[in-house]
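Note sheet for the following structure.
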Amino acid sequence: MSRPILVRVAVPAPLLEPLTYSVPDALAARSVPGARVVVPLGRRRAVGLVLETAAEVPEGVALRAVEGALDAEGRPAVPSDLLETLRWAIEHYLAPPGDVVRAALPAAIAPAGEGWVRLTDEGRRAARGAGAPEALRWLAGRPGGRARPRSVEERLEAAGELGRLIEAGLIAVEDESRRARGAPVECRVLVVAETVRAAADEALAALARTPARRRVLATALASPPMAAGELARRAGAGAEAVRRLVRDGLLCERFVETEPPPLPTAELPTERPAELTPPQAEAVARLVERLAVREFHQALLFGVTGSGKTEVYLRAAEEALRLGRSVIFLVPEIGLTPQVARALEHRFGEDVSVLHSGMNDRQRYRAWRRARDGAARIVVGARSAVFAPLDRPGLIVVDEEHDGGYKQEESPRYHARDLALVRARAAGAVVVYGSATPSIECW
């Protein structure tokens, strides 16, 4: 028998060490370091982040298995250089791994509680077959085929059966955090069941004695997917008519991703200066030289307020983008973000994304996703922007590095100035500290 694949997972619990789980072969390709997985945690299920693979099971630990994977194969939620930074922060600051991971991810995808399970299309077909497990038949009768894992387990005949149903593709796991407070990135809509649509006239005729339900079904057949309340309103019917059609299987619930409204755009500053001052030109030349090497390097840009440090940052960012790298720009306080963002947006347009803790969950998720998908190659923000999921960062700027605003005062208590250096080292990037009054450490 081959040795099982073992992973260490940061879970949403006040534990000082990640937990070790085995990985079924069917989930091995998606349960890699940096990916989110569904794991048993005590008597519940939780979403955690794989930090690393493990060589052996800790002594005295009863090994349990990963039950689901939430990220697509080859697309873990956290890139490798950021994952190395998170591991360093966990060890250096003696912080609970779950706290560090939650600081790095927006609430819309951060590790969370047990979530939901739902029937897949294959599971629905299996539920109609002879000898189907009671749990599948029960789920098939639930709205949307969804329920809490513990409710499903109460109807299972053997321990671990839920995991086997997940591995078989009959049940899928939904991350509850995708509907995080303030960030409804998914919308529940109703669609006509395919079997009903194929025999629409017969289905409508069968509802002749229930005109309200007939109107709802007719409206759904003639309209795109919509929320239950909107469907009832358009059909001139009550909510009960819609619920009955869902219970009878004529309408099915689906979850579709919605695009949040764009962030407001700021006024643009002055044009790019045609010439640099001699000190600016010298600083830019040295940074461009270091960027070309594509190796870790740290630099201090020492200049009084108004001496033109921002233009040096922007010229260095231009070079990083030209080399195919991305840029993280940190400011000490949220209130300074719009001012810097204006300069970056003017120079780089839609390549810029703003990311900080003062944004609501929906805005943070949108900005995080743009960075992760490569739609934005520059991220600007306060200390939490050091966790931006940019691919291949080449330049990290820490403006006003001496400012105490870079210190996080609640768990995990980290210093963004230090994490910027750690991340730059992991990514082979250049980190530039700027200040008119540098800290002793940086000097």
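The numbers here are math on the coordinates, done by the rules we state, and not lab data. This one's a predicted model, so the numbers in the text were calculated from it and none came from an experiment. Ideal geometry is used to build each Cβ from the backbone, glycine not excepted, and the neighbour counts take in all protein chains shown.
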ask   = If amide H atoms are built 1.01 Å from N in the plane of the peptide, which residues on other chains or at least 5 residues away come under 5 Å of the amide H of Met226?
value = Leu190
task = Just need the relative contact order of the chain here, percent rounded to a whole number, with Cα pairs under 8 Å and 6+ apart.
result = 14 percent
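Could you put Tyr21, Tyr365 in order, starting from the residue whose Cβ has the fewest other Cβ atoms within 10 Å?
Exposure proxy ranking, most exposed first: Tyr365, Tyr21.
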key: By average C-beta atoms within 10 angstrom, highest first, the peptides 61-71, 223-233   = 61-71, 223-233
query = From the backbone phi of segment 295-304, what are the Karplus-calculated ³J(HN,Hα) couplings (6.51 cos²θ - 1.76 cosθ + 1.60, θ = phi - 60°) in whole Hz, Gly and Pro given as x?
reply = 10, 4, 7, 10, 9, 10, 9, 9, x, 5
Calculated SAXS-style log₁₀ I(q)/I(0) at q = 0.07 Å⁻¹ - the chain, Debye, Cα scatterers = -0.45
message = In whole Hz and in residue order, list the ³J(HN,Hα) couplings for segment 222-239 that follow from phi through the Karplus curve 6.51 cos²θ - 1.76 cosθ + 1.60, θ = phi - 60°; x for Gly and Pro.
response = 9, 10, x, x, 8, 5, 4, x, 5, 5, 4, 5, 5, 7, x, 10, x, 5
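Calculated FRET efficiency, Glu289 and Asn360, Cβ-Cβ r, R0 35 Å, to nearest 0.05?
On the way: r = 41 Å, r/R0 = 1.18.
It comes to 0.25.
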Backbone HN-Hα couplings from phi across segment 423-436 [Karplus 6.51/-1.76/1.60, Hz, Gly and Pro as x] = 5, 4, 5, 5, 8, x, 10, 9, 10, 10, 9, x, 5, 8
For Arg45, residues with placed amide H under 5 Å, excluding near neighbours = Glu114
ask   = In nm, to one decimal, how far is the modelled label at Glu409 from the one at Thr437, with both set 7 Å along Cα→Cβ?
value = 1.9 nm
